[in-house]
């Protein structure tokens, strides 16, 4: 039976502990609908260990809750980050989305389509950046990768399949370049080590020696990338 607990802090976090006979590991989920925080607890793991896990993730949880509280519909006049730099969305002449100095120009006609146009623009730039970064890290590793797929995922920033296919969140293009580069290196490292063992982290260290700062950025600010609502 699920149990309600409160993690102390600023602000406190209401947490639902959900026991599961099928789960193999502890996992946290923040509902995009109502903000409910659920911790799935596998059989054999006690409440003390489960709460210690949740406390370690408290910063991540608060980040997701804060990001959910202030959604942004990207329209003219709003700010939208690109490569970690805020850009103002400006409506003007032209039929395509264009990048300027600190601004993103969008067509003034058909304003209701602006979020979808911006999403398509970001996906193109994300693909270019992630293809380049993945190829560079794969070459350094000496392991070819498979196809690259972009998705709008909330639970992970990237993945690597057993076949060597890579998946990334296209929202990474809104993060600083070193963050996108780290995620590409992280997933490419799985071509050599399909786990998160010390050997895996040695590969990551080889590909991107300064990976600690991007990892911290994702933990602290990654949830903010999901503030931007590109569809209804």
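Nothing in this text is a laboratory measurement; each read-out follows from the coordinates by a stated rule. Only a predicted model underlies this, so the values are computations on that prediction, with no experimental measurement involved. Here Cβ is always computed from backbone atoms with ideal geometry, including for glycine, and neighbour counts include all displayed protein chains.
The value of relative contact order for the stretch 3-69, using C-alpha pairs under 8 Å at least six residues apart, is 27 percent. Compute the FRET efficiency between residue 51 and residue 116 as 1/(1 + (r/R0)^6), taking r as their Cβ-Cβ distance and R0 = 41 Å, and round to the nearest 0.05. So the FRET efficiency works out to roughly 0.45. With the helix formula -39500 (n - 2.57) applied to DSSP H stretches of n ≥ 4, the chain reaches a computed 222 nm mean residue ellipticity of -11500 deg cm²/dmol.
Taking 167, 79, 194 as the candidate residues, the one with maximal mean-square fluctuation in a Gaussian network model of the chain, Cα springs under 10 Å, is 194. Once you sort the root eigenvalues of the Cα gyration tensor of the stretch 79-152 as a ≥ b ≥ c, which label holds: rounded (a/c under 1.5), prolate (a/b larger than b/c) or oblate (the other case)? Prolate, because a/c is 1.5 or more and a/b exceeds b/c.
On the beta carbon distance between residue 109 and residue 212, with R0 = 45 Å, the FRET formula returns roughly 0.45. Over all projection directions, the Cα-based convex hull of the stretch 141-226 averages an area of 5.3 nm².
Of all beta bridges that DSSP places with both ends in the chain, some 55 percent have antiparallel geometry. For the chain, modelled as a GNM whose springs connect Cα atoms under 10 angstrom apart, the maximal fluctuation among 78, 59, 112 occurs at 112. Among beta bridges from DSSP that stay inside the stretch 3-69, the antiparallel ones total about 60%.
Separation of the stretch 91-165 and the stretch 185-229, taken as the distance between their Cα centroids, equals 18 angstrom. Taking a ≥ b ≥ c as the square roots of the Cα gyration tensor eigenvalues, the stretch 3-69 comes out prolate, since a/c reaches at least 1.5 and a/b is larger than b/c. On full extension, the segment bounded by residue 16 and residue 90 gains 22.4 nm, given 0.36 nm per residue less the C-alpha separation.
Between the labelled values (i) 64, 47, 28; (ii) 62, 44, 28; (iii) 53, 34, 33, the entry that holds Cα extents along the principal axes in Å as derived from this structure is (ii). For the chain, the relative contact order works out to 17 percent when only alpha carbon pairs closer than 8 Å and six or more residues apart are counted.
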